[in-house]
Amino acid sequence: MSLTSRHLLGLHGVPKEDIVKILDSAVSFKEVLDRPIKKVPTLQGKTIVNLFFESSTRTRISFELAQRRLSADIVNFAASTSSLSKGETFKDTARNIEAMKIDMVVVRHQSAGAPHFLSRIVDANIINAGDGRHEHPTQALLDIFTLREKFETLEGLHICIVGDILHSRVALSNIYGLKAMGVNVSVCGPATMIPREIEKLGVDVYHHIDDVIPKVDALNVLRIQLERQEGGLFPSLREYHNYFGVTRDRLDRADKPITILHPGPINRDVELSADVADSEHSVILQQVLNGVAVRMAVLYLLSQSKP
Ligand code: CP
């Protein structure tokens, strides 16, 4: 069993059949995580390099755990302590690492397109762990897996992605993946945080959270990227919370329970009130657990692909 492509660079254009294969394989790998000995020999003899040029907690640890659970050999690369600081280029760094006979690269980079560039210059399978504002495919896959666990079927669900859609790689990958799976997708946020012409991706746009909450099955609440707000996209964090914050009051006004996802890290009481983050609505920690199983599935399926 393998996927259509030998890389996972994004979810744009990935067929539904590939997404279903990943989700179904992740179900089996999640069962491994419940065993007393959480390890299988699936990737024994394979070498994987984790190239992280940007900070990460969940994605980095989750990939590393997934690789260890599959018995792969792992090399972790941190840009700050590498020869990049002596002026070596990204291309030379990649080519030198590949010369040591590696099989897969997991890459997070601040520049959109860095994983695509890597896939053209090295033979290893490339997995995008987040590139700039572009895509974060494994985050979207674990979000979709978590929704499928919760609702059993995805077809016809309505999911709204709330917040800073403009700067979000999670939003774009979710839109591509959810649309492929037959989900109705909308986005909600201040006009300054919604990309122009996003409707062309087949999503509805809302600017008032109270208008969309009664219509949805789940909200995927994005982090307000405090490090990118110097441009004054909204007047203050308090104002953002007042207009777009997902609070218990707002959820209680809906006539059905609404599931809350968040990719993390959370700004408590900004995009999501602290009590909702820890409430029965929240599947945030299930997302984190599912991330390991989904990444095991991606690593396994890509390892089966032909060079
Ligand atoms: N969700 C996510 O990408 O989190 P990290 O930045 O901690 O990896």
Simple SL model, points at 7 angstrom along Cα→Cβ for K101 and D204; separation in nm is 5.7
Relative to the chain, whose Cα atoms define the longest principal axis, helix 90-99 and its Cα axis are tilted in degrees, nearest 10, by 50
Per the rule of 0.36 nm per residue minus the C-alpha distance, extending E149 to I61 adds in nm 29.4 nm
Rounded to the nearest whole number, the per residue volume of the convex hull around the C-alpha atoms of the stretch 188-307 in Å³ is 159
Tilt, helix 58-69 to longest principal axis of the chain (alpha-carbon atoms), in degrees rounded to tens, equals 40
Excluding ligands, DNA and RNA, the carbon-plus-sulfur percentage of the accessible area of the chain with a 1.4 Å probe reads 50
Low-density loop trypsin sites (Lys or Arg not before Pro), the stretch 230-280, at most 14 other Cβ within 10 Å, DSSP non-H/G/I/E/B, are R253
Measuring from the longest principal axis of the C-alpha atoms of the chain, the long axis of helix 169-180 (C-alpha) lies at a number of degrees, nearest 10, equal to 90
Note, V170: beta-carbon cut-off 11 Å, +1 each Lys/Arg, -1 each Asp/Glu, net 0
For the table K150/K215; K21/K179; K30/K215, the rows whose alpha-carbon distance is greater than 20 Å are K30/K215
Expressed as a whole-number percentage, the relative contact order of the chain with C-alpha contacts under 8 angstrom and at least six residues apart is 22
The answer for the chain, accessible area per residue at 1.4 Å probe in Å², is 45
Heavy-atom accessible area of D92, protein chains in place, probe 1.4 angstrom, given in Å² to nearest 10, is 80
Note on the chain: C-alpha Rg/Rh, Kirkwood Rh, two decimals, gives 0.97
The simple spin-label model distance between A274 and E88, using points 7 Å out along Cα→Cβ, in nm, is 4.4
If each K or R counts +1 and each D or E counts -1, the residues other than L261 whose Cβ falls under 10 Å of its Cβ total 0
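The values are calculated or read from the model by the stated rules, or taken from the named source; none is laboratory data. This is a predicted model, so every value here is computed, not measured. Every residue, glycine as well, gets a Cβ built from its backbone with ideal geometry; the counts of neighbours run over all protein chains shown. All accessible areas refer to the heavy atoms of the entire protein, side chains included, with ligands and DNA or RNA removed. Shrake-Rupley method; radii C 1.70, N 1.55, O 1.52, S 1.80 Å.
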